Amino acid sequence: MEQLEQKIQKLSPELQSEVEKFIELLLVKRSHEDNISLVKEPSVEYQTTQQRIQNQIDIQQHVQSACNVSISDHEVISFPPALTPLAEEIEHSKYILEFEDNWDDEGAIKYESATWVRAVVYISNAAKKMLDRTGKVISKPTISHGPQGSIDIHWSTDKYYLLINIPMQENVPANFYGSDRKNISLKGTIDTVSSDDLNLGLFFILENVQ
């Protein structure tokens, strides 16, 4: 019973309520000595409630697994639930790694996995730190193939436009350009290799424009 209570405590409030109803259907109070006995034959209501609880558990497990993205044979990035859209975009961007040399019939080079990993690790770290420090969620970007083996991380919202271009060369900083579509425009470089130079101020300014 103690293990069951510990598991129930880890569930969401809505799911906890469902479980409690489920237990009430299982247990029948006897009129004397407050003894409790199990119902031997489950009712239709019991079976329906059990199925509803299982469905909700399945959904929770799916969401949790969707927040873990494999970026190599030995590396996985884990995301909090609030960043699930970013995790899904990173998963989708793996199409970039399928390009071969001359994929455009004009001599374009293929995209190195190291470049892609550097791009997704950078935006993952930036999004997590933004959430931890400010409680704000960075809008989901589009991660796509850029020129000359580079990776583009691009935002286009009603509030702002931002493009970060991750170059193929590891020792070359990324370029960015951003605008609030009104008065503010920002451009510069970011060292995507250093975890100390995430340039969170860039995201904070653009996410908070009026």
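The values are calculated or read from the model by the stated rules, or taken from the named source; none is laboratory data. This structure is a prediction, so every number in the text was calculated from the model and none was measured. FYI the Cβ positions are ideal-geometry reconstructions off the backbone, even for glycines, and counts take in every protein chain you see.
Taking segment 165-182 as the range and being without any contact (Cβ under 8 Å) to a residue 40 or more places away in the chain and within 17 Å of G201 (Cβ to Cβ) as the test, the residues that pass are P173, N175, F176, Y177, G178, S179, D180. Looking at segment 115-210, the strands (runs of 3 or more DSSP E) lying wholly inside it that each contain 2 or more residues that are at pLDDT 90 or above and touching a helix residue (DSSP H, G or I) at 6+ places or on another chain (Cβ under 8 Å) sit at 142-145, 151-156, 161-166, 174-179. Can you confirm whether K29 is over 17 Å from the mean Cα position of the chain (by Cα), of a type in the set (K, R) and modelled with pLDDT of 90 or more? In short, no. Restricting attention to segment 91-127, the residues that are aliphatic (A, V, I, L, M), surrounded by fewer than 16 Cβ atoms within 10 Å (Cβ to Cβ) and within 24 Å of W155 (Cβ to Cβ) add up to 2. Inspection of segment 66-80 finds a residue satisfying the criterion of being surrounded by 15 or more Cβ atoms within 10 Å (Cβ to Cβ) and in a helix (DSSP H, G or I).
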